[in-house]
Amino acid sequence: MASLPTTAAEIAAAVSSGSVTASEVLEQHLAAITARETDVHAFNLITTDTARQHASRIDADVAAGKPVGVLAGVPLALKDNMCTHGVETTCSSRILQGWKPPYDATVVQRLRDAGAIMVGKTNLDEFAMGSSTENSAFGPTKNPLDLSRVPGGSSGGSAAAVAAGFSAVSLGSDTGGSIRQPAALCGVVGVKPTYGLVSRYGLVAFASSLDQIGPFANTVYDAALVTEVIAGHDSMDSTSIPQPAPNLRSAVSQGVARMRIGRVTDLPGGAEPEVMQRLEDAFEVLAAAGAEIVDVTLPSIEYALTAYYLIAPAEASSNLARYDGVRYGLRAPASEVNAMYGATRAAGFGDEVKRRIMLGTYALSAGYFDAYYGKALKVRRLIADDFDRAYTQVDAILTPTSPMVAFPFGDKVEDPMAMYLCDVYTIPSNLAGHPAMSVPFGTGAHKLPVGIQIMAPALGEIPMFRVAGVLEDAARGLS
Amino acid sequence: MASPSSGSSISAADVIKVSRLARLDIDDAQVEHFTQQLAKVLEHFTDVDALDLSDVQPMTQAYPLSNVLRQDVEQPCLDRDEVLAAAPHAEDGRFRVPTINGEA
């Protein structure tokens with residue numbers, strides 16, 4: 001068989017022109033799933049039959065000369081916290097096991113309209129709470145590059161699916177780094193857009209002021225393409241920014257000449273030395289490409305992790321109150337309603353989710369609100385102010401995505417704070433609501449991939465993708 | 001009333017009270033487990049006491065938008081039977097729950 005296109009852009013072009021069929025492309029990805037999914041466990045559900053039907057419809061449309069979308073025939077995996085009409089959506093939690101949503105998330109609708117073909121729903125840390133997928137009720141996902149190591153999280157299944165060739169692109173959600181960190185650990189591109197750029201309608205809520213949907217892809221261009229498809233105003237999400245999706249594909253090849261790139265002089269420490277070396281390499285590449293590297297300070301980001309681990313659980317404790325055994329999911333038997341709530345939630349939630357519900361409930365309870373949640377929101381303001389000041393001097397800021405490369409299973413499960421530190425560089429963008437993305441850039445310890453994080457101000461996706469395009473070109477020369 | 005400092009440590013009694021507020025049954029072993037782990041996370045929060053936050057406005061929105069309203073016109077909504085079909089127990093077009101306040 002002739003080799004088939006692999007990137008989303010190439011697949012869509014080839015399928016649209018009729019030079020390959022969507023069915024051929026799909027079968028190649030299904031074969032990859034058959035070969036390795038038992039080892040990797042990227043998916044909670046594989047939707048082989050509906051994917052084949054969808055591919056056949058697209059091939060029929062192409063044959064009939066009908067217009068097809070910009071993602072025609074592109075195999076897509078969806079994090080299992082995005083609602084899919086009639087298709088089980090679990091959030092990797094026993095409390096939602098078996099639940100079939102009565103509607104599609106806006107992103108799901110937009111991707112289907114563009115011709116993308118859903119191959120399955122991917123594994124995650126339960127309710128997106130974690131950095132390794134070890135908190136999934138259905139067992140961890142393994143890193144396709146080294147099965148003894150975590151893929152990162154919480155969108156570990158979506159990152160692994162793209163890294164293993166199970167799908168050309170995938171979607172994740174990012175509340176504190178849950179797209180960017182697994183992208184870094186699996187060696188793929190991951191994007192968290194500006195808060196409000198992509199509709200959250202149909203995304204099962206974790207921390208509503210921080211959650212944002214974004215893509216995983218093998219190339220920066222594919223990530224730009226998918227972001228364009230899912231971005232833009234949606235009246236079903238009251239936090240959706242009322243403006244159209246930006247043109248990001250053209251930014252990828254624009255270069256960085258005369259751009260100003262920030263180097264954070266007071267970056268929190270603790271990153272592996274190889275990771276910091278790759279960051280220095282990235283600055284060199286950008287300087288050689290005509291960018292000016294400018295020192296900036298973000299004095300409050302050392303408090304970002306602390307603020308996040310109050311704000312996110314507080315919002316989660318409120319959002320997860322809906323799992324009460326009444327309208328959907330699990331119900332534990334009990335003769336009285338309060339006993340039913342307590343028993344249902346005890347049986348349905350895993351340890352990390354319980355821990356965060358408890359912490360959040362405590363932080364919001366009478367007498368503690370001002371001391372914890374109120375203070376955390378003020379720290380959040382200081383961090384946003386730091387970024388505002390920095391972005392008067394620079395167009396984008398570079399940091400590592402993750403302090404460490406993919407780590408072995410069990411390394412951090414017993415110590416919640418050690419696990420939380422995985423997100424030290426990614427959390428600030430969520431608190432500020434800014435876009436950020438991870439681009440694979442060489443390797444670190446054990447020859448495992450390192451991701452460089454590019455951060456930009458609100459709606460700064462265009463400068464962010466310009467930087468990403470240059471780093472990607474340079475990284476091709478490294479491997 | 002002076003608010004407690006963020007350094008005040010969480011007790012087992014606090015954990016039991018919070019579990020009731022959260023409608024989350026926990027056993028004795030979990031009370032001990034959560035008391036230790038939550039204390040550890042809250043301990044980190046004392047770092048924030050180094051900051052002067054007296055004149056800082058809390059940030060509640062990542063991208064400020066206000067008065068997000070739509071026209072008051074009928075729109076399609078979810079299918080009632082489909083929604084009820086996902087419930088653990090439905091009856092006569094409604095969600096069925098166990099006894100509330102001892103009333104059958």
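The values are calculated or read from the model by the stated rules, or taken from the named source; none is laboratory data. Quick caveat: nothing in here was measured; it's all calculated off a predicted structure. Please note: Cβ atoms are built from the backbone with ideal geometry, for glycine as well, and neighbour counts cover all protein chains shown.
Looking at the stretch A:84-102, can you tell me whether even one residue there is more than 29 Å from residue A:211 (Cα to Cα) and in contact (Cβ under 8 Å) with a residue 24 or more places away in the chain?
Within the stretch A:84-102, the subset more than 29 Å from residue A:211 (Cα to Cα) is none.
No, that holds for no residue.
Quick one: is residue A:158 in contact (Cβ under 8 Å) with a residue 24 or more places away in the chain, in a helix (DSSP H, G or I) and within 30 Å of residue A:444 (Cα to Cα)?
Working: in contact (Cβ under 8 Å) with a residue 24 or more places away in the chain: yes; in a helix (DSSP H, G or I): yes; within 30 Å of residue A:444 (Cα to Cα): yes.
It is true that residue A:158 is in contact (Cβ under 8 Å) with a residue 24 or more places away in the chain, in a helix (DSSP H, G or I) and within 30 Å of residue A:444 (Cα to Cα).
Out of all the residues in the stretch A:363-382, is one or more within 21 Å of residue B:17 (Cα to Cα), more than 7 Å from every other protein chain (Cβ to nearest Cβ), modelled with pLDDT of 95 or more and part of a loop (DSSP other than H, G, I, E, B)?
No, because not a single residue in the stretch A:363-382 is within 21 Å of residue B:17 (Cα to Cα), more than 7 Å from every other protein chain (Cβ to nearest Cβ), modelled with pLDDT of 95 or more and part of a loop (DSSP other than H, G, I, E, B).
Take the residues in the stretch A:270-283 that are exposed (fewer than 14 other Cβ atoms within 10 Å of the Cβ) and either touching a helix residue (DSSP H, G or I) at 6+ places or on another chain (Cβ under 9 Å) or among the hydroxyl-bearing types (Ser, Thr, Tyr) (or both), then tell me which one is nearest to the other protein chains (Cβ to nearest Cβ).
If we take residues in the stretch A:270-283 being exposed (fewer than 14 other Cβ atoms within 10 Å of the Cβ) and either touching a helix residue (DSSP H, G or I) at 6+ places or on another chain (Cβ under 9 Å) or among the hydroxyl-bearing types (Ser, Thr, Tyr) (or both), then A:270 is nearest to the other protein chains (Cβ to nearest Cβ).
Pick from the stretch A:18-45 the residues that are assigned to a loop (DSSP other than H, G, I, E, B) and not aliphatic (A, V, I, L, M): which of them is nearest to residue A:167 (Cα to Cα)?
Filtering the stretch A:18-45 for residues that are assigned to a loop (DSSP other than H, G, I, E, B) and not aliphatic (A, V, I, L, M), the one nearest to residue A:167 (Cα to Cα) comes out as A:41.
For the stretch A:450-468, what are the residues that are surrounded by fewer than 24 Cβ atoms within 10 Å (Cβ to Cβ) and away from chain B (no Cβ under 14 Å)?
Result: A:462, A:463.
Tell me which of these residue A:328 doesn't satisfy, since it passes every other one: (1) facing chain B (nearest Cβ under 7 Å); (2) in contact (Cβ under 8 Å) with a residue 40 or more places away in the chain; (3) out of contact with any Phe, Trp or Tyr (no Cβ under 8 Å at 6 or more places or on another chain).
All conditions are met except number (3).
Go through the residues of the stretch A:239-259 one by one and say whether even a single one is modelled with pLDDT under 95 and in contact with a Gly (Cβ under 7 Å, 6 or more places away or on another chain).
The answer is yes, given that some residue of the stretch A:239-259 is modelled with pLDDT under 95 and in contact with a Gly (Cβ under 7 Å, 6 or more places away or on another chain).
So, in the stretch A:98-114, how many residues would count as being in contact with a Gly (Cβ under 7 Å, 6 or more places away or on another chain) and within 14 Å of another protein chain (Cβ to nearest Cβ)?
Number of matching residues: 5.
Only one residue in B:80, B:70, B:94, B:20 is under 24 Å from the mean Cα position of the chain (by Cα) and either surrounded by fewer than 17 Cβ atoms within 10 Å (Cβ to Cβ) or under 30 Å from residue A:194 (Cβ atoms) (or both), so which one is that?
B:20 is the lone residue from the list that is under 24 Å from the mean Cα position of the chain (by Cα) and either surrounded by fewer than 17 Cβ atoms within 10 Å (Cβ to Cβ) or under 30 Å from residue A:194 (Cβ atoms) (or both).
From (1) in contact (Cβ under 8 Å) with a residue 40 or more places away in the chain; (2) assigned to a loop (DSSP other than H, G, I, E, B), pick out the condition that doesn't hold for residue A:62.
Answer for residue A:62: the failing condition is (2).
State yes or no: is residue A:428 touching a residue at least 12 places away in the same chain (Cβ under 8 Å) and either facing chain B (nearest Cβ under 8 Å) or touching a strand residue (DSSP E or B) at 6+ places or on another chain (Cβ under 9 Å) (or both)? Spell out the reasoning first.
Details: touching a residue at least 12 places away in the same chain (Cβ under 8 Å): yes; either facing chain B (nearest Cβ under 8 Å) or touching a strand residue (DSSP E or B) at 6+ places or on another chain (Cβ under 9 Å) (or both): yes.
So residue A:428 fits the description; yes.
Do you know which residues across the stretch B:69-88 are modelled with pLDDT of 90 or more and at the interface with another protein chain (Cβ under 7 Å from one of its Cβ atoms)?
Selection gives B:78, B:79, B:82, B:83, B:86, B:87, B:88.
Within the stretch A:27-52, count every residue that is in contact with a Lys or Arg (Cβ under 8 Å, 6 or more places away or on another chain) and free of Cβ contacts under 8 Å to residues at least 60 places away in the same chain.
Counting residues in the stretch A:27-52 that are in contact with a Lys or Arg (Cβ under 8 Å, 6 or more places away or on another chain) and free of Cβ contacts under 8 Å to residues at least 60 places away in the same chain gives 0.
So which pairs qualify, if the first residue must be in the stretch A:370-387 and surrounded by 22 or more Cβ atoms within 10 Å (Cβ to Cβ), the second must be of a type in the set (Asp, Glu), the Cβ gap must be under 9 Å, and the two must be at least 6 apart or on different chains?
A:375/B:49
Rundown of residues vs (1) assigned to a helix (DSSP H, G or I); (2) within 20 Å of the chain's Cα centre (by Cα); (3) modelled with pLDDT of 95 or more, yes/no style:
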| position | (1), (2), (3) |
| --- | --- |
| A:440 | no, yes, yes |
| A:446 | yes, no, yes |
| A:452 | no, yes, yes |
| A:462 | yes, yes, yes |
| A:472 | yes, yes, yes |
| A:477 | yes, no, no |
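Counting residues that are in contact with a Lys or Arg (Cβ under 9 Å, 6 or more places away or on another chain) and of a type outside the set (Gly, Ala, Ser), which helices (runs of 4 or more DSSP H) fully inside chain B reach at least 1?
Fully inside chain B and qualifying: B:28-45, B:80-85.
All but one of (1) in contact with a helix residue (DSSP H, G or I) (Cβ under 6 Å, 6 or more places away or on another chain); (2) surrounded by fewer than 24 Cβ atoms within 10 Å (Cβ to Cβ) hold for residue A:190; which doesn't?
So residue A:190 meets the others, but not (2).
Can you tell me which residues in the stretch B:45-66 are surrounded by 16 or more Cβ atoms within 10 Å (Cβ to Cβ) and either more than 7 Å from chain A (Cβ to nearest Cβ) or not hydrophobic (A, V, I, L, M, F, W, C) (or both)?
Listed by number, the list holds a single entry, B:63.
For residues that are within 14 Å of chain B (Cβ to nearest Cβ) and either assigned to a loop (DSSP other than H, G, I, E, B) or free of Cβ contacts under 8 Å to residues at least 40 places away in the same chain (or both), tally how many sit in the stretch A:161-203.
Counting residues in the stretch A:161-203 that are within 14 Å of chain B (Cβ to nearest Cβ) and either assigned to a loop (DSSP other than H, G, I, E, B) or free of Cβ contacts under 8 Å to residues at least 40 places away in the same chain (or both) gives 11.
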